[in-house]
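K.L.:
Shown below is the structure under consideration.
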Amino acid sequence: MAHDPAAGAQPDDDSAGLAPMPLRRIEEFINTRRRDGDDIGTPPRLADWLHARELLPDDVSVSAAERDRAEAVREGLRALIADNNAKPVSSPRPDGLNPEARTALAQVARDLPVMLDTTTRPPRLVPCTRASADAALATLLAIVADAVAAGTWTRLKACREPSCRWAFYDHSRNRRRTWCSMETCGNRAKARASHHRKATAHS
């Protein structure tokens, strides 16, 4: 499960820890899944989230099918950024990654309306229209493509704690940060490792 930002220690979310715009939109989108709920769990909630970020015109609603595609994109992106981090640590809790997420993302991405805008310098990927939730999802995937080209994509990571998988941006010089929060996930993993060593030593 993802972090509950309202409960106890939080992921490192100060201004220095957030991704730069527009990649921050991807970080925010992935982190709409929390322990206490889902910010895009219904079509109206997804519409509200997109409206607030000017990714969807205020007079446009969201269908149930579009909401399902948005979830597929979100979990697929979570799986992609997990590859930007070290392998997950051992945990008795279930992994927050959906093993089918990459395949689902690939299926949705094939049908999203994206085109190359050659009127800008440099040319960039843009949605073919702004009048749908699918166009908003296309915008998010275009942001990913821009981040890959800019070299910032690999700094966006999913927490190494399997039960967390919160998205964070690694601002460290050596790009070695692995936890969304050392206070919570990092210390939890260290405590498990210590317990395992002691149990092994006495077995």
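The values are calculated or read from the model by the stated rules, or taken from the named source; none is laboratory data. Computed from a prediction, not measured in an experiment: that's the story for all the values here. Counting neighbours? That spans all protein chains shown, and the Cβs are built from the backbone with ideal geometry, glycine included. Just so you know, the surface numbers come from the protein's heavy atoms only, side chains and all, with ligands and any DNA or RNA stripped out. Shrake-Rupley method; radii C 1.70, N 1.55, O 1.52, S 1.80 Å.
K.L.:
Sort 94-101, 159-166 by packing, meaning the average of other beta carbons within 10 Å per residue, with the highest value first. Write down the numbers at each step before the final one.
P.N.:
On the way: 94-101: 14.6, 159-166: 24.4.
Going from most to least packed, we get 159-166, 94-101.
K.L.:
Using a Förster distance of 30 angstrom, determine the FRET efficiency expected from the C-beta separation of LEU116 and ASP68, and round it to 0.05. Provide the component values of the computation, followed by the final result.
P.N.:
Numbers: r = 27 Å, r/R0 = 0.92.
My answer for the efficiency is 0.65.
K.L.:
Let me ask something additional. What part of the accessible area of region 91-190, given as a whole %, is carbon or sulfur when the probe is 1.4 angstrom?
P.N.:
Values: 2820 of 5360 Å².
After summing per-atom areas, the C and S share lands at 53 percent.
K.L.:
Between LEU18 and GLN107, what length comes free when the chain is fully extended (0.36 nm per residue of separation minus the Cα-Cα distance, one decimal in nm)? Each step should come with its number before you reach the end.
P.N.:
Working: separation 89, 0.36 × 89 = 32.04 nm, distance 2.92 nm.
That works out to 29.1 nm of additional length.
K.L.:
Which ³J(HN,Hα) values, rounded to whole Hz and listed in residue order, are derived for region 60-73 from phi using the Karplus coefficients 6.51, -1.76 and 1.60 in 6.51 cos²θ - 1.76 cosθ + 1.60 with θ = phi - 60°, glycine and proline given as x?
P.N.:
For region 60-73, the Karplus-derived couplings read 9, 9, 10, 8, 5, 5, 5, 4, 5, 5, 4, 5, 4, 5 Hz, x marking Gly and Pro.
K.L.:
Something else: Given 0.36 nm per residue, what is the gain on full extension from ARG53 to CYS128 after removing their alpha carbon distance, in nm? Please list the in-between numbers first.
P.N.:
On the way: separation 75, 0.36 × 75 = 27.00 nm, distance 1.84 nm.
Result for the pair: 25.2 nm of gain on full extension.
K.L.:
To continue, here is another question. Of all alpha-carbon pairs in region 20-117, indicate the percentage at a distance above 17 angstrom. Display every interim value, and only then the final one.
P.N.:
Working: 2792 of 4753 pairs.
Percentage above 17 Å: 59.
K.L.:
Against the 2.2 N^0.38 Å scaling, with N counting residues, where does region 58-160 land? I'd like the Cα-based Rg ratio to two decimal places. The partial results should precede the final answer.
P.N.:
Details: Rg = 15.4 Å, N = 103, 2.2 N^0.38 = 12.8 Å.
For region 58-160, the normalised Cα radius of gyration comes out at 1.20.
K.L.:
Can you compute the radius of gyration and Dmax for region 53-95, using only the Cα atoms, both in Å?
P.N.:
When restricted to Cα atoms, region 53-95 yields Rg and Dmax of 15.6, 47 Å.
K.L.:
Applying the Karplus parametrisation 6.51 cos²θ - 1.76 cosθ + 1.60 with θ = phi - 60° to the phi angles of region 40-57, what ³J(HN,Hα) value in whole Hz is obtained for each residue in order, glycine and proline being reported as x?
P.N.:
These are the phi-based 3J(HN,Hα) values: 10, x, 9, x, x, 5, 5, 4, 4, 5, 5, 4, 4, 9, 6, 9, 8, x Hz.
K.L.:
Per 0.36 nm of contour for each residue apart, how much would the distance between ALA145 and LEU97 grow if the chain were fully extended, relative to their Cα-Cα spacing?
P.N.:
Numbers: separation 48, 0.36 × 48 = 17.28 nm, distance 2.17 nm.
Extra length from ALA145 to LEU97 when fully extended: 15.1 nm.
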